[in-house]
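Below is one structure, written out as structure tokens; the observations come after it.
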Amino acid sequence: MEFGVKISVIGCGYLGAVHAACMAELGHEVIGVDVDQSKIDVLSDGRAPFFEPGLPEILTSAIATGRLRFTTDMSEVADAEVHFVAVGTPQTKGSYAADLTYVDAAVDALIPHLAPGTLVVGKSTVPVGTAARLAEKVAAGAPQASLAWNPEFLREGFAVQDTLGPDRLVYGVPAGDAGERATAQLDEIYAVALAADTPRIVMDYATAELVKVSANAFLATKISFINAMAEVAEATGADVTMLADAIGHDVRIGRRFLNSGLGFGGGCLPKDIRAFRARGEELGLGESLAFLGEVDAINLRRRDRMVELTRESLGGSLKGKKIAVLGLAFKPDSDDVRDSPSLDVAARLLAEGALVTVTDPEAIETAKRVHPELAYESTVSDTVADADAVLVLTEWKQYRALTPEDLAGAAGTIILDGRNCLDRDLWRGAGWTYASLGRP
Ligand code: UDX
């Protein structure tokens, strides 16, 4: 492609930084804007402010072509034709609802710079009804601009791949001519994906907003379903991983997202199901989404169970016991510890009097910011040295591949598998006490 669309991306966090770099990679001319000068400095230098495979490479190459720039100055977006809003919508302090402060601030800041015919595209995950409200704002402040909602489904660790080759494109657009124009503008931006026959579904704002939150609600429900089965398996001597394999062969069920263990965390699933429930309450639909409260509760109970299993394995008390925790990120291939089940369990074990040493291939720095009181080591052998028990809580590839010889420095021979990711027979065969969630 010779010269693509002029694009701005407001908010250069996880979503925005990846989106900006990928759009430039596709040939568009992109300016990324964020209020955080340090983030802009790092990105302008071609570095990613977080760990995401492949991102530094495309940042560097896109910056070198001159198609990608970053700034803190909103006025620099004035000649862009399409403006993506990719700011965060965190959980509000003291409530389950999404905090829309940043989304509103971004749209307010954009409005004075919107030229006629330009399009504002929301990418952030928002409660249903937000796009319609923001469209009114845009109509009042910049009557010749319009708004679309184009949710993002990227997974951390696969963010570049998911953005360059999404499995579907969802456009929430206004009715009539404005909707047709918005669709055409988005089609130009996503020309490469469309040429590869990526399904593209055009709909109203509310449906587009709901597609995103309901997709995450479904995924969270699938994980909590199998973790509820793990609770039943624990009480009956059944094996939840075999159960998942067996039911997963039914294509209507499918095996993916049926991995039982410590449950889901991260910057999306937990806060999105809570915000969805909160929005349901506001709409008088508390009953329709009440099950998400159960999904959340099942998920959090797995962390309690992990602490309990550790206590039981150590003879009934955690006090003074040396525990090694392998894995702090909420999932492998990420340095993200937002609502991380593993970090939460590590902190709880410490709070209950254990001596906890932790490590992670990428998330030590991010974890230290939240829980500086834990003891950090950079290698597995230093982490497990003299440990009474070793807990594998994030299924990094290098931890799945561990053998009893790698943990020879531990004082005890207890290994607890929080992700059902280890070979039980291998460890038991070597004389270790192996226990996990949902398996005898
Ligand atoms: C999720 C959605 O997958 C993505 O589409 C959306 O855009 C953002 O939220 P992400 O947060 O990156 O993506 O992580 P995901 O891979 O979905 O995993 C979420 C959590 O569920 C992790 O803590 C993971 O360990 C856990 N998980 C996942 C399970 O416990 N079992 C599974 O079978 C799958």
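The values are calculated or read from the model by the stated rules, or taken from the named source; none is laboratory data. What you see is a predicted model, and the numbers here were worked out from it, not measured in a lab. Cβ sites come from the backbone with ideal geometry, for glycine too, and all protein chains shown count toward neighbours. The protein model used for the area step is the full one, side chains on, heavy atoms only, and it has no ligands, DNA or RNA in it. Shrake-Rupley method; radii C 1.70, N 1.55, O 1.52, S 1.80 Å.
Descriptive notes on the structure:
- Selection count where residues are touching a Phe, Trp or Tyr at 6+ places or on another chain (Cβ under 6 Å) and more than 7 Å from the ligand (Cβ to nearest atom), scope the range 258-276: 1
- Some residue of the range 99-115 being part of a helix (DSSP H, G or I), modelled with pLDDT of 95 or more and within 16 Å of the ligand (Cβ to nearest atom): no
- Identity of the residue in the range 219-260, part of a loop (DSSP other than H, G, I, E, B) and in contact (Cβ under 8 Å) with a residue 12 or more places away in the chain, that ends up most open to solvent (accessible area, probe 1.4 Å): 259
- The condition of being part of a helix (DSSP H, G or I), acidic (Asp, Glu) and buried (at least 19 other Cβ atoms within 10 Å of the Cβ) does not hold for residue 304.
- In the set (1) within 16 Å of the ligand (Cβ to nearest atom); (2) in a helix (DSSP H, G or I); (3) surrounded by fewer than 16 Cβ atoms within 10 Å (Cβ to Cβ), the condition left unmet by residue 198 is number (2).
- Filter pass, residue 216 being of a type outside the set (A, V, I, L, M, F, W, C), crowded, with 16+ Cβ neighbours inside 10 Å, more than 20 Å from residue 121 (Cβ to Cβ) and within 14 Å of the ligand (Cβ to nearest atom): no
- Candidates 279, 305, 255 - the one that is out of contact with any Lys or Arg (no Cβ under 8 Å at 6 or more places or on another chain) and within 13 Å of the ligand (Cβ to nearest atom): 255
- Evaluation of residue 313 against the conditions (1) more than 16 Å from the ligand (Cβ to nearest atom); (2) open to solvent by 50 Å² or more (accessible area, probe 1.4 Å) shows that the sole unmet condition is (2).
- Scanning the range 128-159 for residues that are surrounded by 22 or more Cβ atoms within 10 Å (Cβ to Cβ) and either of a type in the set (Phe, Trp, Tyr) or farther than 26 Å from residue 108 by Cα (or both) gives 149, 156, 159.
- So residue 167, is it open to solvent by less than 40 Å² (accessible area, probe 1.4 Å), of a type in the set (Asp, Glu), within 16 Å of the ligand (Cβ to nearest atom) and without any contact (Cβ under 8 Å) to a residue 40 or more places away in the chain: no
- Residue list for the range 65-98, filter: assigned to a loop (DSSP other than H, G, I, E, B) and touching a Gly at 6+ places or on another chain (Cβ under 9 Å): 67, 81, 86, 87, 88, 90
- Restricting attention to the range 316-346 and to residues that are small (Gly, Ala, Ser) and away from the ligand (no atom under 16 Å from the Cβ), the residue that is least open to solvent (accessible area, probe 1.4 Å) turns out to be 324.
- 1 or more residues touching a residue at least 24 places away in the same chain (Cβ under 8 Å) and either more than 16 Å from the ligand (Cβ to nearest atom) or open to solvent by 20 Å² or more (accessible area, probe 1.4 Å) (or both): qualifying helices (runs of 4 or more DSSP H) within the range 364-440: 364-370, 380-384, 397-400
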